[in-house]
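Below you'll find the structure, written out as structure tokens, and then a few comments.
The values are calculated or read from the model by the stated rules, or taken from the named source; none is laboratory data. Note that the coordinates shown come from a computational prediction; the quantities given were computed from them, not determined experimentally. Positions of Cβ are backbone-derived with ideal geometry, glycine not excepted, and every protein chain shown enters the neighbour counts. The area values use the complete protein model at the heavy-atom level, side chains included, leaving out ligands, DNA and RNA. Shrake-Rupley method; radii C 1.70, N 1.55, O 1.52, S 1.80 Å.
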Amino acid sequence: MSTLSRRRFLSTAGAAVVGLPLLSKSEGYAQPVSDASTGTRPVRVVSSANGQEATRTAYEMITAGRDPLDAVIAGVNIVEDDPEDTSVGLGGLPNEDGVVELDAAVMHGPTHRAGAVASLQNIRNPSKVAKLVMEQTDHVLLVGEGALRFARAHGFTEEDLLTAKARGIWLYWKQTLSERDDWLTPPDSVLDADVAEFFNRPTGTIHCAGINSAGDMSCVTTTSGLSFKIPGRVGDSPIIGAGLYVDNAIGSCGSTGRGEANLQNLCSFAAVELMRNGMSPKDAGIEILRRVVAHTTEKRLLRDDGSPNFGLKFYLLAKDGRYAGVSMWGPARYSVTDEQGTRHEDCAVLYER
Ligand code: GLY
């Protein structure tokens, strides 16, 4: 790729794509649901596209008898620990000051308890800290310094989470951000190809939800949040009802993508409520995306054709084992593991690029 100049960066960030109306894609896999005669349910784990190892690991743990919450947390820990994944944990893209700030939440279906941390620095597994908030405090959400002190008290190791790769991407972003500061655009750089994909301000995240054969469900969402965010910005991931929600009698939903749009609509809670009222996971997810679109009125968030200029995805799992991934923009995929193996499936999408 040629040098990504300041001007090119700006035009790349604002690049328009042609939006098309709703497209539904066949899910392609049989979705066995609960067996009414025996009361058993299919073990199933769903996650965002970056969660294939997470679903595989969580599925193995659930089928071995482990609690679904322990299983999905162990699954996302693989991604939190991966320095190559720039959306979460170690190696996550930092805030505008170059500091990695992590958000995470967990929710345990059988007890309907939840725990979360936000703006947590220096701890690579915020999902584990969120679980301890749930189990060992009378609170649901700890933030910033308080969350860090809580993690320290529980013996978590502190480390600099900013990898050389993430620091390079952040520095290049800073150097090419504006003509009205003293940072000079770097000369032709090997970073050009590597950083181009990050200039659309990714909100990469991992969500993972699982159900065992008894029908008990749990889920987790963990993220480094919006890349280059204003320090202290918290997205949807650690907010119960937005970044994730589970009602053990109904189902679960979790999200990745533009957190602000989710926060304004409390999408995961709303999606589970739609499932309570009889909608399938896919229909509930698509309905929530439509609701987000209807509530998006600011011009800066809309393309010329009126479609939103941001991404948002939901991963839904129903008590009877049905599941879906839905995405504002397609094509998009998500991860599933069940008795048919581990795979990516196509999301149902609202707009196709
Ligand atoms: N969905 C992740 C975030 O907006 O922080």
For a bin width of 5 Å, list the pair-distance distribution of the range 123-171 built from all Cα-Cα distances, rounded to whole %. 5, 20, 27, 18, 11, 11, 6, 2, 0
Starting from the Cα gyration tensor of the range 28-69, multiply each eigenvalue by 5, take the square root, and state the resulting semi-axes largest first in whole Å. 21, 15, 7
Just to be sure I understand: if I project the alpha-carbon convex hull of the range 194-309 onto a plane and average over all orientations, what area do I get in nm²? 8.7 nm²
For the chain, one quarter of the surface area of the C-alpha convex hull, expressed in nm², comes to 17.7 nm²
Cβ-placed point charges (K, R +1; D, E -1), dipole of the range 52-170 about Cα centre in debye, nearest 20: 260 debye
Mind grabbing the base-10 log of I(q)/I(0) for the range 47-153 at q = 0.22 Å⁻¹? Debye formula, identical points on the C-alpha positions, no solvent, two decimal places. -1.19
Test item: Cα-centred dipole of the chain, Lys/Arg +1 and Asp/Glu -1 on Cβ, debye: 660 debye
Roughly how many nanometres apart are two label points built 7 Å out from the Cα toward the Cβ at ARG303 and ALA214? 4.7 nm
Cα gyration tensor of the range 227-272 diagonalised, 5x eigenvalues square-rooted, in angstrom largest first, produces semi-axes 22, 9, 7
For the chain, the charge dipole (Cβ of Lys, Arg +1; Cβ of Asp, Glu -1; about the Cα centre) points to a positive end, and the Cα of TYR351, GLY155, ALA118 closest to that extreme belongs to TYR351
If one compares the long axis through the Cα atoms of helix 281-295 with the longest principal axis of the Cα atoms of the chain, the angle in degrees, nearest 10, works out at 40 degrees
Relative to the longest principal Cα axis of the chain, at what angle does helix 126-136 sit, 0 to 90 degrees, rounded to 10? 50 degrees
How high is the relative contact order of the chain? Use alpha-carbon pairs under 8 Å, at least six apart in sequence, and give a whole percent. 24 percent
Suppose every Lys and Arg Cβ carries +1 and every Asp and Glu Cβ carries -1, with no other charges. What dipole size does the range 45-93 come out with about its Cα centre, to the nearest 20 debye? 180 debye
Could you give the accessible area per residue of the range 89-189, probe 1.4 Å, as a whole number in Å²? 46 Å²
Relative to the longest principal axis of the chain, what angle (0 to 90°, nearest 10) does the C-alpha long axis of helix 267-276 take? 20 degrees
DSSP-loop GluC sites (Glu not before Pro) across the range 86-192, with at most 13 other Cβ within 10 angstrom: GLU158, GLU159, GLU179
Please identify, among GLY39, GLY51, GLY210, the residue showing maximal mean-square fluctuation in a Gaussian network model of the chain using a 10 angstrom Cα cutoff. GLY39
Report in % the part of the accessible area of the range 20-169 that belongs to carbon and sulfur, leaving out ligands and nucleic acids; probe 1.4 Å. 50 percent
If you wrap the range 243-331's Cα atoms in a convex hull and average its projection over all directions, what's the area in nm²? 5.4 nm²
Pairs of Cα atoms farther than 12 Å apart, the range 63-107, %: 66 percent
